[in-house]
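Enquirer: Got a structure for you, questions after.
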Amino acid sequence: MPAHSAFFYGTLMHPKILTRVIKNGGSHLTICPAVLLDHTRHVVRNADYPGVAPLSRTKDLFDRELTREESCVRGTLVFGLTDADIKHLDSFEGEEYARKIVEVHPLAESEPLSTGLTDKELIPRHAPPISEGSLDPSVTAETYIYLDVNNLVPELWSWEDFVKKNAMNWYTSPLEFRYA
């Protein structure tokens, strides 16, 4: 079976959370930062994880035009996921999300997942602005699109805030509330 590639934009950007969910150390995976254009990443009502949906479905949540940076989602692109990994991911994401095919732009070379186990190296704090002319060609990947746009808060979710306030809970506490 061919390996899967997936774009993660929230809790699963954290390697410790990803490896916990797929129930293995991820030694077969490579990872790089990437960007998904024309989508927005939102706070999900009463949750500390985000939801992503196409900008065409979420732009009405805002009372202003979003900047180019706000209408793109930075995340991680993971290569080499197995069918078993995808089965665990589908179970983790549950019925709130649908796995869809998207085009994402890598922002750097991929590295073995085992070399990127720190929060700070996943998404650059001062990443260069998104300029479509300067992006590497897109690659096809799967991602989890949030289904109920009405449950999204008109606020963009912050990776930095998640890492500071909540990430540790996701890899040191039981995940039964999200994952069976």
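Enquirer: Can you pull out the residues in region 17-39 that are open to solvent by 10 Å² or more (accessible area, probe 1.4 Å) and not hydroxyl-bearing (Ser, Thr, Tyr)?
Expert: Arg20, Lys23, Asn24, Gly25, His28, Ile31, Pro33, Leu37, Asp38, His39
Enquirer: Of all residues in region 45-74 being among the polar types (S, T, N, Q) and part of a loop (DSSP other than H, G, I, E, B), which is nearest to Ile145 (Cα to Cα)?
Expert: Ranking the qualifying residues of region 45-74, first place goes to Ser71.
Enquirer: Also, I was wondering about something else. Kindly indicate which of His42, His4, His14 is farther than 28 Å from Asn150 by Cβ and either among the basic types (Lys, Arg) or open to solvent by less than 50 Å² (accessible area, probe 1.4 Å) (or both).
Expert: His4
Enquirer: State whether the residues of region 75-85 include one that is loosely packed, with under 15 Cβ neighbours inside 10 Å, of a type outside the set (Phe, Trp, Tyr) and at negative phi.
Expert: Scanning region 75-85, I find at least one residue that is loosely packed, with under 15 Cβ neighbours inside 10 Å, of a type outside the set (Phe, Trp, Tyr) and at negative phi, so the answer is yes.
Enquirer: For region 48-65, which residues satisfy the criterion of being open to solvent by 20 Å² or more (accessible area, probe 1.4 Å) and in contact with a strand residue (DSSP E or B) (Cβ under 7 Å, 6 or more places away or on another chain)?
Expert: Those that are open to solvent by 20 Å² or more (accessible area, probe 1.4 Å) and in contact with a strand residue (DSSP E or B) (Cβ under 7 Å, 6 or more places away or on another chain): Pro54, Leu55, Leu61, Phe62.
Enquirer: Filter region 1-44 down to the residues that are charged (D, E, K, R) and either touching a strand residue (DSSP E or B) at 6+ places or on another chain (Cβ under 9 Å) or part of a strand (DSSP E or B) (or both) and list them by number.
Expert: Asp38, Arg41, listed by residue number.
The values are calculated or read from the model by the stated rules, or taken from the named source; none is laboratory data. These numbers come from a predicted model, not from an experiment. A quick note on method: Cβ atoms are made from the backbone with ideal geometry, for glycine too, and the neighbour counts reach across all protein chains shown. Just so you know, the surface numbers come from the protein's heavy atoms only, side chains and all, with ligands and any DNA or RNA stripped out. Shrake-Rupley method; radii C 1.70, N 1.55, O 1.52, S 1.80 Å.
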